[in-house]
Every structure is written in structure tokens, then in C-alpha cells.
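The values are calculated or read from the model by the stated rules, or taken from the named source; none is laboratory data. On a predicted model such as this, the values are computed, not experimentally measured, just so you know. Backbone-built Cβ (ideal geometry, glycine too); neighbour counts: all protein chains shown.
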Amino acid sequence: MKRSIYMFLSVYFCLLGLIVAQGNNTLLGTWCVGEDGLVLTFEGEDTLKVASLSDESVSGTGIYIKNDSAFTATVANGDVEMKMRYRYQWAGDDTVKAKAEFFTINGDSVSFPEEWMSMTRCSFAETQPAR
Amino acid sequence: MLESFLRNLLRFRFLIICGLLFSVLFFGYYITKIQVDNDTVKAIPPKLQAKIDYDNLKKEYPAPYNILFLAEFSSGTLSEKIDSLHSWTSTFKQITGIAGVSDLNSVQIPVRGGFFGITSDYLVSKKLTLEEEQIRKRINENKEFSSMFISDDESVVGMVIGIQNGADRSVIMDNILWHLERINTNPQITTYVTSEGAVSYFIDKAMKHDFSILLPICFLLVFLLLYRIFRKVHYVVAALMVNILALIWTFGLMGIMEIPFSVVTSIIPVILFPIGVADAIHLLKLYRHNKVLHHGNILNALKSTYSELITPCFLTSLTTFAGFASFSFSEISWTRTFGIFTGIAVVFAFFFNVILLPLFLSFEKPKVKNEYKEIYEEKLLSGFWNFFVKFSIESKKWVIIIPVLIAVFITGFKSVYVESNSITMLPEENMLRKSDNFIARHFGGTRFFSIVLKCNNEKLDSKQKWDQIEKISSYIKNMDGIGNVSSVMPLMHKLSGMLSGERLSDAAISMVTATKGFFGKNYMEYLKNFLSEDRKSTRLQITCSNDPEIKPLQIAQRIDSYVKESFPGWETLISGPAILNESMSSVLIKTQISSLISTFIPVFLCLVLFFRSIKVGFFSIIPIVFSTGFIYALMGIMGVTINLVTVIIMNTCIGIGIDYAIHFVSGYIHSRKLAKNRHDAIKRTIHDKGTPILFNAFVVGTGFLVLAFSGFPPIKDFGILVFVSMFASAGFSLLFLSILISLFGFGKTIERRDIV
């Protein structure tokens, strides 16, 4: 009986830990993508903003829908609308690995890179406006 | 009337001198306001269709002022060349007024990867450490972006230096040329620069050089020649003051009217000095003679001088004015300004010869020191004139000149051609000329134009439209004489391949024609060269080979017909420097013909009215027709092209050269009254007028010959040809008028056996 209680408590705390951990790993916030200076900002329920640290002319806004392992984003910039679906995995508290699953430009399906891409949460210094 | 005029002139001389001094200060102030502008594009008629098209092209595809820099390496690795470019870019960026520098290091290319599937990376990557072979591979895979910065054999690398609006281009060019000299100290590197606006920089430099050196030389030469004639400094000063005042008034007027100063107007002083001085020589020489006759009475001497010479001086000034003023109808602004203001300067010079010379002479002492002495040259040439009389009127030997002239005319006329490319006006050794030849050798030519394609004023967003654009582009590429066609097509193909594996995909079209992009400003700047802001038109940039047989205008017309016939709905706008230059050639020919007609007619009418005889007017104009033809043929034989500057040669020759015919005919009319018969009258005229005419031609011609030392070839050609034309006009006037009068005569000959 005593052994069963220990077992129950271990499982409870493990699950609790997992739940807490999952609660902290939210996509909300600003993410620096790759080495190009691309910045993605996930805001509120479903808003996604795209900008660049190195080039102020790069900008776009859109919406996203996510679940535990994938998010789908639709970003418009001027008259181009891009729709993409990414599978993602947490690789630490501030790092996410993402891999494209589909990609369309103005409704036309296009090929996309197969490799996993790294996104890290941007530090304050990194997100200063581009000059 | 003349006596009353001269009497009043002398009575109020101090008041008039004060007025003249005030006018000098007034016009002198406005001379400081004159702006120098040697931009050859501004000389093009604004109503010329090619210019209107060019302005429209620039509105749709605005191009900032750029300088193309090229460096040729005789050795070195690709990495070393790229490093050199990097170092020079940093240096050039520090020059005040430089907006930016583009080279291989700043070129961005689309690459697979990133959040959006496609991202951009620098051709010479800053993220990755690439081996030389990898860089070479990237350059070769992205020729559409790299070809303007590196040649196929990698021996030449280049950069485009952008200049800020409003920056002082001359200072920037000076700075860049200074850096180039330093780079050129490396024996393995030879540098070149070229730019659409750099021509004006080099013309400015040549003009300032000529103005500061040749004008004083011309002034000194005229001073010495005048001193040789008069041996009196105050006569020389008087003759020169006439021209100096005329120039101050003329240039002051230009300042008041805010008319810019160009290389063509810069030769007005060199033209005016000999012309203005020629009348002063006649007036002062006769005055000196009359002063002796009137026993030192200045007023009487002046009265006799002006009553005899005012009409010939007026007529010569009027015909010279007509020669230059005929350019007032020219469509080319440089030529028009030159014609109007040279004409005005001639009128002012006549005015001051009438006003200022008597004022100067009124301060002379009435005492007569010595008798008028025949100058040495007059004695020396009498033997020559005896020979000339035998040759022209006592024998038929002159006939041999006719076939010689015909042969010269035929040979020369065939070789004359028009050149409207402003770079070719610069000397062979000039940096721009060298660069032009170099670029033509390595990059397929230097004659550029653009074709803007529009389809029913709709956005270019469909595969069908881009298919048609590709067909048009391929057609142009396959035409003879086309060196290169740049367009957005290679980028479209590259993106299509990356996105869909197709040659042309809707996704790539959407991305390329998007008005905002995810690839950054360098990419958007690149697209600006080929797509209009509203994405309703695209531009194909065409390079024609420099072969003179290849006519860009004809190529443009063929392209236009092809597009209209094969692709209804498409509109074209074809324009660019090559088209503009070729269209300017037609304008130059038109200007040359119209100015010649509008010179000959008023000059002929002046002669008819002055001599009150159509026959005399006709005789007088024949020598100048021959000398004009001779100079035109000489232009062809010497390889001198008709351009923005040399187009004024013919009118200058007519305007000045006609004076010799006027002096000869006037002399004959005078001699006829004294001679026994026609033959004797001609003989007397040749002896009396021959030496002054030749001497005048020598003084005027020498003044122009100074221009032969100009560093700017068209001005040099102008100086040499006008120098030759003075002797041709003088020689032909003496020869043909002697022959014509001897054969046909005019007026009544008074047979006087008692007068020798």
C-alpha cells in the first residue's frame, strides 16, 4: 500500500512538473529566426508580425493558429499572401526548432526547405529597431 | 549729321565716360552671377520626341546620378580582387556627398532557406566562410546579379558609386580621380571611371583651362599684332577696350537673363577679339592717315574717317551679326545661346567702335609727329600681287584650281559625318574615352537604351504576360548588333525554379511583382531598375555594340514593329542615351542646314542692298560659298565630325569671311572711278586691298589659331578650321572676285587714259 502511495505521488509530481513546464513554453513573444535578422512576434491570441533587424523594409502581419506541435501562419505583405504550416519542437526554454510542412504564395503551393530551422527568443538588445 | 554727332560726343565726353564706367560696374556685377552648365543633355531640344520619351522614361524609372568604377587586374586571385573592392568601397564611402557604393560585396541574391522558404544572402556571404571556388561558383550561378560587377574572365571588377542629390559633383569627381591616381600606382591595376554626367565635368575642366590660358594668350597676341601695326600703345589700348567693353556688356546681359555659360559660349571672347579689332584697325589706320591730311585737326580727321568707313564697318558688322544670329532659330540651346550672344557682342563692338574710339582719340595731342609710313609688309607683298594679277586676270592658269577644288569637295563631302555622342568630343586620352572603349570591349558596347513594355495598362501579374515578355526579350537578344539585354526575367526564372521547379511560376511572378517584399531593400532597389512602382510596366535594358554600322534607332523601330504586330495590346516606350544621341544627329544636320540657309539669305540681301545690285550681291557671295564648301570638305578630310560644338564653324566662317568680299568689292567700286579700264581697276584693287585683306585674315585667323592649343578637341578643330577659313575666304574673295569682275564686270567703267 505504502509503495502504491509513493508510486502515485511520483507520477503526480512528474505530471505536475510537465504541466508547469508546458505552461512556461509559450510561443508568445519575439523570436529571432536564423542568422538573417528575421524577427517573428507572436502577440495575443493569434497575431503574428514579421520584421527584420537588419532591414526596416521587411515587414508583414498575419495570423497564426497553433497546437502543441504545429502552427499555421498566414502573413500578408502588400499584395503577397503567404500561408505556411510549421511543425515545431522545444529545444530548451528559449529555443524552438521548426520544420515547414506546407507553403503557399497567393494560394499557389511552392516547395519549401526540408531541414529544421532554429528560432530563439530575442534578447532586448537584439530587438532594437533596424537602422 | 555725322559732324554734329561727333561734336556732341566730344563735348559730353566726360559724362559719356562716366556712363560707360557705370555700365561696366553694372554689367560686371551680373557677370559674377553667371552659372556654368556644360550638361550636354540640357543642350538637347526639349520638344525633340526622343527627349520627351527620355524624360518619360526617367519619370517612370528614376535613376540617381551614378559613377561606374572599373578596375582591371593583370594578376591576383579572386579573393584578393574582392578584398581590394572592399577596401576601395570603404574609402569612397567616406567622400562627402556619396550616397552609397554597390559592388560584389553588397550584391544580395535569393537563396533557399529561412522562415519563408527563400531568403537573401550576400553574393560574397558574410555568414559563411566561403572558399574561392565556392565564391566563383556563386558568382557564375548568379550572373544576372554579378555580371555588372565582374567580367567573365574575372580580370575586371567594378562598383557603382551613387551620389547624393544636390552634392557637388565636381568635388566628388576630383576626389574620386585623386583616389584613382593612388590606386593606379599599383602596376597590376588600371582603373576606369565613367558616368552619364561626367562628360560635363571634363568639359568644365577643359573650358576653365582654355579660358584661363588661351584667352590671355589671344589677348596678348592681338595686342602684339596691333602694336606691330600702330606702334602706339594708346591705339592698341583703344582697340582692345572696344572689345573688352563689348564682352562685359554681353556677358553681363547673359548674367541678367540668367543664361548659363557653356563651352560653346566660352569661345565668344576669342571670336570677338579678332572680329572687333579688325574694324578698329581700319578705323585707326585711316584716322592716322586723315590726321596727317587735316594737319592734326582731330575732329576733322574723325569726321573724314567715319564718313568713309562707317558704312563698310556697319555692313561687315551686320553680315557678321547675320552669320551668328541665324543660330537664334536653332533647336539646340548651346548653339542658340552662342549665336544670339555672339551676334549681340558684334553689335556692341560696332557700337563701341563708333562711341569709344572717338572718345579715346579726342585725348590725343593735335600735333602731327610724322607722316604715314607704308608698313614693311605692304612693300614686301607688291611682287606677290603682280604675280597674282598675272595668274588671275592676265592668264587662264586659274582654271587649274577648279578641278582641284572639285576633287577636294567630292573627297571631303563623302567623309563628313555627324557625331552626337558627347563622350566622343573628349580627347582620346581622356579617362572617359578610355573607359568607354574599355567597357565596349568587355561588356558588349556602351550604347544603351531601354524598352518599357506595358500591356493594356494592367498589372503584370500573369504567366501569359511574362511569357510574352520573355518572347520579346528573346527576339531582341537575337537581333544583330545587340550586345546584351538585361531584364527581370533571370530573377523570375531563378525564383520559379526555387519555388516550383518550373521555368515560370505564378508564385515567383507574385513575389517579383509584389510592391513590398520579404527580401529587403537591396532586392527592392534591384527591382526598381526593371519594374515600375505600380508594376504595370517592365523595362528591358539593351546594350548595342559600338559598331558605327549598327543604328540603335533602326533597332528600336524594328522592335516596336515586332511588338505591335506580334503582341496586340502591348505598348512600348523606347528611349535611352543611344536613341537620344542618334536623334540629336538629325537635329544637328537640321541645325547645320537651316543655319546655313538663314545666314546666306540675309547676307546676300545685305550685299544687294548695300551695293544696290543683285549682280554684285551674287558675285560677292560666290567666294564665301566656295570657302564654306572648302572648309566643309576639309572637315571630312581631317575627320572632324559635326557635333554640338563644331556645328558653329560654318556660320563663323561665313560671318567673318564675307568681310573680305565686301572690302574687295568696295575697293573695286572706288578704284573703278580712278582707273583707265576694268582691268586696271581690278589690278589697282588687288594691289590696294590685297595686303590689308591678307593682313586682316592673318590677325583674325591668328586669334582663332590660339584655340588650336585647347585641350578640348572640338574647340581645337574650331580654331584650326576657322584659321584656315580666314585664308580661304580671303584667297577666294581675291581670286574669284577678280575673275568674275574681269569676265563679266559690273557698273559703268569710266575710261580715263590720263589717270594712272
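So that you can scan it fast, the table gives a plain yes or no per residue for (1) over 30 Å from B:Leu573 (Cα atoms); (2) among the polar types (S, T, N, Q); (3) within 14 Å of chain A (Cβ to nearest Cβ):
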| position | (1), (2), (3) |
| --- | --- |
| B:Leu57 | no, no, no |
| B:Tyr61 | no, no, no |
| B:Leu68 | no, no, no |
| B:Phe116 | yes, no, yes |
| B:Lys137 | yes, no, no |
| B:Glu141 | yes, no, no |
| B:Asp153 | yes, no, no |
| B:Ile161 | no, no, no |
Does B:Leu605 count as of a type in the set (A, V, I, L, M) and in contact (Cβ under 8 Å) with a residue 40 or more places away in the chain? no
Matching residues in the stretch B:119-135 - criterion: being within 14 Å of chain A (Cβ to nearest Cβ), surrounded by 12 or more Cβ atoms within 10 Å (Cβ to Cβ) and among the β-branched types (Val, Ile, Thr): B:Thr119
Restricting to the stretch A:91-123, name every residue that is of a type in the set (A, V, I, L, M, F, W, C), surrounded by fewer than 16 Cβ atoms within 10 Å (Cβ to Cβ) and within 13 Å of chain B (Cβ to nearest Cβ). A:Phe102, A:Trp116
Sort through B:Gly655, B:Gly711 and tell me the only one that's in contact (Cβ under 8 Å) with a residue 12 or more places away in the chain and surrounded by fewer than 23 Cβ atoms within 10 Å (Cβ to Cβ). B:Gly711
Counting only residues in the stretch B:463-475 that are under 42 Å from the mean Cα position of the chain (by Cα) and surrounded by fewer than 19 Cβ atoms within 10 Å (Cβ to Cβ), the one farthest from B:Ser510 (Cα to Cα) is identified as B:Tyr475
Please tell me if B:Ile509 is farther than 30 Å from B:Lys551 by Cβ and either touching a residue at least 24 places away in the same chain (Cβ under 8 Å) or in contact with a Gly (Cβ under 9 Å, 6 or more places away or on another chain) (or both). yes
So B:Lys521, is it more than 30 Å from B:Arg336 (Cα to Cα), within 13 Å of another protein chain (Cβ to nearest Cβ), within 35 Å of the chain's Cα centre (by Cα) and not hydrophobic (A, V, I, L, M, F, W, C): no
Residues of the stretch B:506-516 being facing chain A (nearest Cβ under 7 Å) and under 51 Å from the mean Cα position of the chain (by Cα), in sequence order, are B:Ser510, B:Met511, B:Ala514, B:Thr515, B:Lys516
Residues that are outside the structural domain of B:Arg441 (by TED's automatic domain parsing) and within 30 Å of B:Tyr417 (Cβ to Cβ): which helices (runs of 4 or more DSSP H) entirely in the stretch B:456-569 hold 2 or more of them? none
With the requirement that a residue be within 30 Å of B:Tyr30 (Cβ to Cβ) and surrounded by 18 or more Cβ atoms within 10 Å (Cβ to Cβ), what does the stretch B:224-234 give you? B:Leu226
Where a residue in the stretch A:62-86 is within 14 Å of another protein chain (Cβ to nearest Cβ) and in contact (Cβ under 8 Å) with a residue 60 or more places away in the chain and its partner, wherever it lies, is outside any strand (DSSP E or B) and of a type in the set (Asp, Glu), with Cβ under 7 Å and at least six apart: none
Could you list, in sequence order, the residues of the stretch B:483-497 that are touching a residue at least 24 places away in the same chain (Cβ under 8 Å), within 14 Å of another protein chain (Cβ to nearest Cβ) and either small (Gly, Ala, Ser) or buried (at least 22 other Cβ atoms within 10 Å of the Cβ) (or both)? B:Met492, B:Leu495
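For (1) over 24 Å from B:Met173 (Cβ atoms); (2) outside any loop (DSSP other than H, G, I, E, B); (3) touching a helix residue (DSSP H, G or I) at 6+ places or on another chain (Cβ under 9 Å); (4) assigned by TED's automatic domain parsing to the domain that holds B:Ser537, each residue gets a yes or a no:
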site	(1), (2), (3), (4)
B:Lys33	yes, no, yes, no
B:Val41	no, yes, yes, no
B:Pro45	yes, no, yes, no
B:Ser79	yes, yes, yes, no
B:Ser84	no, yes, yes, no
B:Thr91	no, yes, yes, no
B:Ile95	no, no, yes, no
Please determine whether any residue of the stretch B:540-554 is more than 35 Å from the chain's Cα centre (by Cα) and either aromatic (Phe, Trp, Tyr) or under 21 Å from B:Val512 (Cβ atoms) (or both). no
Matching option when the condition is of a type in the set (A, V, I, L, M, F, W, C), in a helix (DSSP H, G or I) and farther than 20 Å from B:Tyr632 by Cα, among B:Phe698, B:Phe727: B:Phe698
Hits in the stretch B:444-462 (condition: surrounded by fewer than 19 Cβ atoms within 10 Å (Cβ to Cβ) and either of a type in the set (Phe, Trp, Tyr) or free of Cβ contacts under 8 Å to residues at least 12 places away in the same chain (or both)): B:Phe448
So B:Asn430, is it within 19 Å of the chain's Cα centre (by Cα), within 23 Å of B:Val645 (Cα to Cα) and modelled with pLDDT of 85 or more: yes
Enumeration of residues in the stretch A:15-52 that are of a type in the set (S, T, N, Q), over 16 Å from A:Met84 (Cα atoms) and at pLDDT 85 or above: A:Thr30
Within the stretch B:101-114, which residues are away from every other protein chain (no Cβ under 14 Å) and part of a loop (DSSP other than H, G, I, E, B)? B:Asp103, B:Val107
For the stretch B:8-50, enumerate the residues that are charged (D, E, K, R), surrounded by 13 or more Cβ atoms within 10 Å (Cβ to Cβ) and under 15 Å from B:Ile355 (Cβ atoms). B:Arg13
Residue satisfying all of: in the stretch B:105-147; among the basic types (Lys, Arg) and at pLDDT 85 or above; farthest from A:Thr74 (Cα to Cα) among these: B:Arg136
Do you know which of the residues in the stretch A:31-45 that are over 19 Å from A:Phe103 (Cβ atoms) and of a type outside the set (Val, Ile, Thr) is nearest to the other protein chains (Cβ to nearest Cβ)? A:Glu35
In this structure, is A:Ala130 in a loop (DSSP other than H, G, I, E, B), of a type in the set (A, V, I, L, M, F, W, C) and at pLDDT below 85? yes
